[in-house]
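Q: Okay, here's the structure, questions in a sec.
The values are calculated or read from the model by the stated rules, or taken from the named source; none is laboratory data. The structure presented is a predicted model; accordingly, all values stated were derived computationally and were not measured. Positions of Cβ are backbone-derived with ideal geometry, glycine not excepted, and every protein chain shown enters the neighbour counts. Keep in mind that these areas ignore ligands, DNA and RNA; they rest on the heavy atoms of the full protein, side chains included. Shrake-Rupley method; radii C 1.70, N 1.55, O 1.52, S 1.80 Å.
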Amino acid sequence: MMCINVDSLPINEKIKDILKKRGIQKLNPPQTEAVQKGLLDDKPLLIVSPTASGKTLMAELGMVSHLINKGGKAVYATPLRALTNEKYVTFKDWEQLGLKVAMTSGDYDTDDYWLKDYDIIVATYEKLDSLWRHNSPWIKEVDYFVLDEFHYMNDPERGPVVESVAVRAKRKGTILALSATIGNYKQIAEWLKADVVATNWRPVPLKEGVLYAGNKKKDFVVMYKDGTSRKVYGECPIVAFTLDVISKDGQVLVFRSSRKYAEATAVKISQFMNFVKLNDKKLHEVAESIKEVEDGGSNEKEALYNLILKGVAYHHAGLSKGLRDIIENAFRDRIIKVIVATPTLAAGVNLPARAVVIGDIHRFNRKVIGFTEYIPVMEYKQMSGRAGRPGFDEYGESVVVVRTKSEVDKVMQRYLNSDVEPLESKLGSESAFYSFILSIISSEEDVTERTLTEYIQDTLLPKELAKKYFKQALNWLLDNEFIAQEGEYLTLTKFGRRISDLYLNTFTAVTIKDVLTRNGKGCELAYFHMLAYTPDGPLVSITKAEEDVLLDELDCELFIEEPYDEYELSNYLSSLKVAFIMRDWIEEVDEDTILGRYGIGSGDLRAIVDTMDWLTYSGFHVASVLGLEEHKEVLEKLHMRVKDGVKEELIPLVKVPGIGRVRARLLYSHGIKTPEEIIMNPEKVKQLLGPKLGEKIVREAARAIT
DNA sequence: TCGAAGAGTGTGTAGACAGCATGTC
DNA sequence: CTACACACTCTTCGA
């Protein structure tokens, strides 16, 4: 195919200038095809192509030409906050055209109520869904929807939201869906009423293979899909292959199926890095910056410090955001040579490497006890697709570690030579379907059964199933008083409106409602446990040792009784562990102590606290809307203590920006107990916190009061 | 008598979205 | 609904 020159595109000269400034002279094949199929003329498209094949640029061209030719607004939806952030930064370029770009998600908040003034809005799928539910006036003006990483629709938990966003976007404007390769793209395109651009084009070719680890000698064989093979030598297959790539000045991304393996593999590789030439000065700088991270645990920092000096790091969700950022950036700058990661890095931000090692193809499934499954082909593609850095590598290389001879063919067949799973509707679960119905009723006007039927017909759910669920959903939502019927119209009750606005799972809502109405005031632990034991609660793993003692350590009565079912019991205990963690947290137990006591990472603690913050807030509002005054008071107080992890007496202090649990306690123990007292004793504050920080805090306190 | 290789046993197991209220130096 | 990988201990076997 002839690729189009930027110069000959039928677009505004300013757009061309921006492209050229980025060094783009020519569109690549998939981009060219997209343009030919009407990308610049507002045509709905489904683009199915590998990682790094330039989909983001297509989205930019689609959005910008729509905005320039037709006005309106464009939303770019992604499944991850980190991606939202990444795209936002990229799209900022277009402000040169006078377009305004914003982003919004749970934690990065450009600015919600100002969004009406923006042209391009980057948001997570959930946030977009939430904005619709809240009926933000500006959202009606959105008429161009980019649905990024659309294959997320196959995710059992997050997929339903992607699908429901697609259903609505289809009615309200033009869809540009971007996806990694999927099996049934024709069917999906038909459903989206979009034309298809499907390619396997990659900017850097990919060599896929298996790394056979069968023999116990020190040489291992890499067998490529194309029939060629080569040998690598070393301590074990992963080490041998990794060192081989690094010695040729490449970087390696190793994927492992658990955190423990990731850490162990990183340590093992680091033991052989003495033979590699490294930039010690830069590595030292990175290692030092690890020590200064504010949100990391001491043990994590210590472990990473030593690894990084050898050019290696591990990476998983147990690490705090600060630590992960440093590692990702140092790898991007080619200072760190190897990252051993769990699947965090497979789907996340853009972080390519010369070579990718896929250490395991099995993964434990915590939803079914004792069940291990093969990772989906989609996930294999996501991981292997990280191989090959445009501009640096001639080709990328990905290998799957295979431990037995019989598995060599199996892996070849199952992963290297296989199509990706088809996209299917995941709305066929009670919880997902009920939420979908609730969201339609909360965002549309004058909803009748007929309105809902039309929406449901627009989903990808098989007709029979949809019909069955529909009746069931209406009855359930009516019975549980989320919605009410007024003549032929369906409206939200006050309770239903609250739940929808809070973005709570309907089953979470019913659990909270039932527990609170049936019980009087309980202990802190009981509230935390109830909230954690809902579908929206955080999950933590429990060891055998913990399993035995958790119930013994219980010193007050819970709201919910111990279940008999084995699976439910493990959830029950997991929630109890969350409750204990939360109680320690708001009792100001030292962070390192909490991490050690419960065997979790700093990133885990942050995630648990965030979720519980939202849930205590939600619990407070549920109690409030139900008129349960006693519970409402307790939950309100808990919520205020959860965010910063403090006892009640510190609440006034942590409201000052820059003061967290540690600084607040320090000030309090020296007699400074409120923002007012900070202002009255500036010298003492400076003495306690240091001159620079002290001054800043005094200023913030003054602002906080007014 | 020692050590290597092999058999048996116990243990643990990925990630990450959502509210709200405010203007970041 | 179809486990695996690893660490660790115990057992066997040969020189």
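Q: Going by accessible area, probe 1.4 Å, with all protein chains left in place, what is the ranking of A:R354, A:R518, largest first?
A: Values: A:R354 55, A:R518 180 Å².
Sorted by accessible area, descending: A:R518, A:R354.
Q: Please give the Cα centre distance for segment A:460-538 versus segment A:316-345, rounded to the nearest Å.
A: Using only Cα atoms, the two centres lie 39 Å from each other.
Q: Find the accessible area per residue for segment A:201-261; the probe is 1.4 Å, ligands and nucleic acids are left out, and the unit is Å².
A: 47
Q: Whole angstrom only: what separates the Cα centroid of segment A:1-70 from the Cα centroid of segment A:385-446?
A: 26
Q: Name the aspartates and glutamates eligible as straight-distance cross-link partners of A:K26: C-alpha to C-alpha under 14 Å, and not fewer than 8 places from it in the same chain.
A: Straight-line reach from A:K26, under 14 Å: A:D7, A:D17.
Q: Would you kindly find the accessible area of A:E566, with a 1.4 Å probe and non-protein molecules such as ligands, DNA and RNA excluded, rounding to the nearest 10 Å²?
A: 130
Q: With a 4.7 Å Cβ cut-off, tell me which Cys residues in chain A come up empty for a partner.
A: A:C3, A:C236
Q: Would you rank A:M680, A:M273 by solvent-accessible area, highest first, keeping every protein chain in place and using a 1.4 Å probe?
A: A:M680, A:M273
Q: Give me log10 I(q)/I(0) at q = 0.10, 0.16 Å⁻¹ for segment A:506-645, Debye formula, one equal scatterer per alpha-carbon, no solvent.
A: Debye output, listed in q order: -0.30, -0.78.
Q: If you build the Cα gyration tensor of segment A:590-680 and take the root of 5 times each eigenvalue, what three semi-axes come out, in whole angstrom, biggest first?
A: Values: eigenvalues 119, 89, 19 Å².
Values for segment A:590-680, descending: 24, 21, 10 Å.
Q: Set the bar at 20 Å for Cα to Cα. Now go through A:K37/A:K100; A:K301/A:K337; A:K186/A:K467; A:K225/A:K248 and name every pair that lies beyond it.
A: From A:K37/A:K100; A:K301/A:K337; A:K186/A:K467; A:K225/A:K248, over 20 Å: A:K37/A:K100; A:K186/A:K467; A:K225/A:K248.
Q: HN-Hα J couplings of segment A:16-27 from phi, Karplus 6.51/-1.76/1.60, θ = phi - 60°, integer Hz, Gly and Pro as x?
A: Per residue, the Karplus-derived 3J(HN,Hα) values read 4, 4, 5, 4, 5, 4, 7, x, 9, 9, 9, 7 Hz.
Q: Taking amide H atoms as placed 1.01 Å from N in the peptide plane, list the residues 5 or more away in sequence, or in a different chain, whose amide H sits under 5 Å from that of A:G388.
A: Those lying under 5 Å, H to H, from A:G388 are A:A353, A:R354, A:A355, A:E397.
Q: Based on the Kirkwood radius over alpha-carbon pairs, what value in µm²/s does the Stokes-Einstein equation return for the translational diffusion coefficient of chain A at 25 °C and 0.890 mPa s? Intermediate results must be reported in sequence, preceding the final value.
A: Working: Rh = 27.8 Å.
D, rounded to a whole number, is 88 µm²/s.
Q: Using Cα positions and a limit of under 14 Å, work out the aspartates and glutamates in reach of A:K647, with same-chain residues fewer than 8 apart set aside.
A: Those aspartates and glutamates meeting the cut-off are A:E524, A:D584, A:E587, A:E588, A:D590, A:E636.
Q: Take the Cα atoms of segment A:1-49, find their three principal axes, and give me the spread along each one in whole Å, biggest first.
A: 28, 21, 16
Q: If you don't mind, there's one more thing I want to ask. For segment A:6-198, divide the Cα radius of gyration by the Kirkwood radius and give the resulting Rg/Rh value with two decimals.
A: The Rg/Rh ratio comes out at 0.93.
Q: Same structure, new question: With all protein chains present, calculate the accessible area of A:M103 using a 1.4 Å probe and round the result to the nearest 10 Å².
A: The value for A:M103 is about 20 Å².
Q: Cα convex hull of segment A:307-412: mean projected area in nm², to one decimal?
A: Mean projected area for segment A:307-412: 8.4 nm², to one decimal.
Q: Rounded to the nearest 20 Debye, what is the dipole magnitude of segment A:506-645 about its Cα centre when Lys and Arg each give +1 and Asp and Glu each give -1 at the C-beta?
A: That gives a dipole near 520 debye.
Q: Could you work out what % of the accessible surface of chain A is carbon and sulfur, using a 1.4 angstrom probe and leaving DNA, RNA and ligands out of the count?
A: Taking all protein chains in place, chain A shows 50 percent carbon and sulfur surface.
Q: Further question: First select every other residue whose beta carbon is under 13 angstrom from the beta carbon of A:E263; then total the charges, Lys and Arg +1, Asp and Glu -1. Walk me through the numbers before you get to the answer.
A: Working: positive: A:R256, A:R259, A:K260, A:K268; negative: A:E300, A:E302.
Net charge around A:E263: +2.
Q: Sticking with this one: Which value, in Å², gives the accessible area per residue of segment A:1-135 when a 1.4 Å probe is used on the protein heavy atoms?
A: 40
Q: List, in the order given, every pair from A:K21/A:K116; A:K70/A:K140; A:K20/A:K116; A:K218/A:K268; A:K281/A:K310; A:K55/A:K92 whose Cα-Cα distance in the structure shown is over 19 Å.
A: Values: A:K21/A:K116 29 Å; A:K70/A:K140 15 Å; A:K20/A:K116 30 Å; A:K218/A:K268 15 Å; A:K281/A:K310 11 Å; A:K55/A:K92 17 Å.
Correct reply: A:K21/A:K116; A:K20/A:K116.
Q: Could you give each residue of segment A:253-267 its phi-based ³J(HN,Hα) in whole Hz, using Karplus coefficients 6.51, -1.76, 1.60 with θ = phi - 60°, and x for Gly or Pro?
A: Working through the residues one at a time gives 10, 9, 9, 10, 8, 9, 5, 4, 5, 4, 5, 5, 5, 4, 4 Hz.
Q: Mind checking which of A:G496, A:L693, A:G428 is farthest towards the positive end of chain A's charge dipole, using Cβ charges of +1 (Lys, Arg) and -1 (Asp, Glu) about the Cα centre?
A: Of the candidates, A:L693 comes out farthest on the positive side.
Q: Sticking with this one: What is segment A:265-309's relative contact order, in percent, from Cα pairs under 8 angstrom and six or more apart in sequence?
A: Working: 21 pairs, mean separation 21.8, N = 45.
With pairs under 8 Å counted, the relative contact order is 48 percent.
Q: Of the listed pairs A:K87/A:K321; A:K405/A:K426; A:K127/A:K632, which have alpha-carbon separations greater than 25 Å here? Can you show the working numbers first?
A: Numbers: A:K87/A:K321 18 Å; A:K405/A:K426 36 Å; A:K127/A:K632 27 Å.
Violating the 25 Å Cα-Cα cut-off are A:K405/A:K426; A:K127/A:K632.
Q: Residue by residue through segment A:606-618, which ³J(HN,Hα) values in whole Hz follow from phi under the Karplus form 6.51 cos²θ - 1.76 cosθ + 1.60 (θ = phi - 60°), with glycine and proline marked x?
A: Rounded to whole hertz, the list is 4, 5, 5, 4, 4, 5, 5, 4, 5, 6, 5, 4, 5.
Q: Name the lysines eligible as straight-distance cross-link partners of A:K696: C-alpha to C-alpha under 22 Å, and not fewer than 8 places from it in the same chain.
A: The qualifying lysines are A:K643, A:K655, A:K673, A:K684, A:K686.
Q: Contact order normalised by length for chain A, with contacts defined as Cα pairs under 8 Å and 6 or more residues apart; what percent is it? Spell out each step's value before the answer.
A: Working: 1193 pairs, mean separation 73.3, N = 706.
The value is 10 percent.
Q: Quick check: with the 1.4 Å probe, what order do A:K16, A:K684, A:K471, A:K426 take by accessible area, largest first?
A: A:K471, A:K684, A:K426, A:K16
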